[in-house]
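Enquirer: Just dropping this structure here.
What follows is calculated from the coordinates using simple rules that are stated; it is not laboratory data. This structure is a prediction, so every number in the text was calculated from the model and none was measured. Note that each Cβ is placed from the backbone with ideal geometry, even for glycine, and that neighbours are counted across all protein chains shown.
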Amino acid sequence: MGDPTTIRRLYGRSKGRPLRPAQAALVEELLPQVAVPEQGPLDSRRLFGDERPLHFEIGFGAGEHLAWQAERRPGDGFVGAEPFLNGVAAALGHVRDRGLANVRLHMGDALGVLERLPGASLSGVYLLHPDPWPKARHAKRRMVSDGPLDLIAAKLKPGGELRLGTDDPVYCRWAMMVMGRRRDFDWQAEAAGDFLERPADWPETRYEAKARREGREVWYFRYRRAASAGTSRSSRPPEPSRSSSSR
Ligand SMILES: C[S@@+](CC[C@H](N)C(=O)[O-])C[C@H]1O[C@@H](n2cnc3c(N)ncnc32)[C@H](O)[C@@H]1O
């Protein structure tokens with residue numbers, strides 16, 4: 001397995017503008033109630049008190065996608081990690097406003113939490129607009145790299161889904177290259193439209209909305225964890241260009 005440890009220390013800012021008093025109160029009072037335990041192995045029972053399908057979001061930003069998914073599937077458990085304090089405060093606001101009992105949050109690195117989950121335990125992993133690290137010399141810091149992907153593959157159930165959204169054309173091509181050579185994920189795109197249009201059960205994040213306002217395109221990748229590494233398709237994926245209609 002490649003080593004994902006460099007990536008976990010490389011996330012950007014962890015604090016932005018000062019929290020409003022109501023947000024600070026949420027962090028003080030609600031976060032301890034929904035926080036992922038700091039130490040030890042994690043599983044559905046420890047996190048939610050019962051056996052349920054688990055989902056994990058890496059870098060949930062302001063938490064709107066996590067909250068949307070959690071509200072839609074109250075019987076599933078949703079775990080999110082985000083080092084940015086203001087994002088965690090915003091996510092706590094969603095948890096409170098929507099009365100979500102099936103969300104657990106970790107303020108910090110996602111990979112350290114992923115590592116503590118059992119193998120083949122996750123039904124879904126969401127990686128929406130990961131930091132692009134656009135310079136070629138920083139490519140190894142991208143979350144879509146073999147180290148983190150090995151970890152994600154180990155924690156996804158066979159048939160579980162990894163979703164990746166990006167508005168960065170360099171990241172888009174990079175992800176297609178890295179994912180295209182992996183045998184443990186099957187790309188769920190049959191035609192270009194499958195990754196050029198947002199699936200109905202994939203709500204727009206604040207970051208995505210900003211990208212669109214600023215005229216950037218967005219790509220939506222869905223991969224299924226192959227039952228075994230040998231069963232993955234090896235066919236050439238469709239081109240990301242919007243002019244192509246099918247592969
Ligand atoms: C460009 S933002 C996208 C946020 C959100 N997914 C969205 O679409 O609105 C990337 C996020 O990844 C977070 N991040 C970076 N490295 C991380 C890590 N190792 N673990 C968890 N989150 C991380 C950053 O703090 C940031 O909020």
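Enquirer: Only Lys, Arg, Asp and Glu count, each charged at its Cβ (+1, +1, -1, -1), so figure out the dipole size of the chain about its Cα centre, rounded to 20 debye. Display every interim value, and only then the final one.
Expert: Numbers: 40 positive and 32 negative charges, 131 e Å.
In total the dipole reaches around 620 debye.
Enquirer: A follow-up question, please. For the stretch 99-151, what class follows from the C-alpha gyration tensor (a ≥ b ≥ c being the square roots of its eigenvalues): rounded when a/c is under 1.5, otherwise prolate if a/b is larger than b/c, else oblate?
Expert: prolate
Enquirer: Which GluC sites (Glu not before Pro) does the stretch 142-226 hold that lie in a coil by DSSP with at most 14 other beta carbons within 10 Å?
Expert: GLU190, GLU197, GLU214
Enquirer: For ALA120, project a label point 7 Å along Cα to C-beta. Then give me every residue of the stretch 179-208 with its amide nitrogen under 18 Å of that point.
Expert: So the set is 183-186.
Enquirer: I would also like to ask the following. Going out from 0 in 10 Å bins, what whole percent of all Cα-Cα distances in the chain drops into each bin?
Expert: Result returned by the calculation: 7, 32, 38, 19, 4, 0.
Enquirer: With both partners inside the chain, how many of the DSSP beta bridges are antiparallel, as a percent to the nearest 5?
Expert: On the way: 9 of 30 bridges.
The answer is about 30 percent antiparallel.
Enquirer: Using helices alone, I'd like the mean residue ellipticity at 222 nm for the chain: each DSSP H run of four-plus residues gives -39500 (n - 2.57), total over residue count, nearest 500.
Expert: It comes out at -9000 deg cm²/dmol, rounded to the nearest 500.
Enquirer: Working out 0.36 nm times the residue gap between GLN188 and LYS140, then minus their Cα-Cα distance, what length gain in nm do you get to one decimal? All intermediate terms of the calculation are to be shown ahead of the outcome.
Expert: Values: separation 48, 0.36 × 48 = 17.28 nm, distance 2.51 nm.
Here the answer is 14.8 nm.
Enquirer: Where the centre of each part is set by its Cα atoms, how far does the stretch 25-102 sit from the stretch 175-219, in angstrom?
Expert: Cα centres, the stretch 25-102 to the stretch 175-219: 24 Å.
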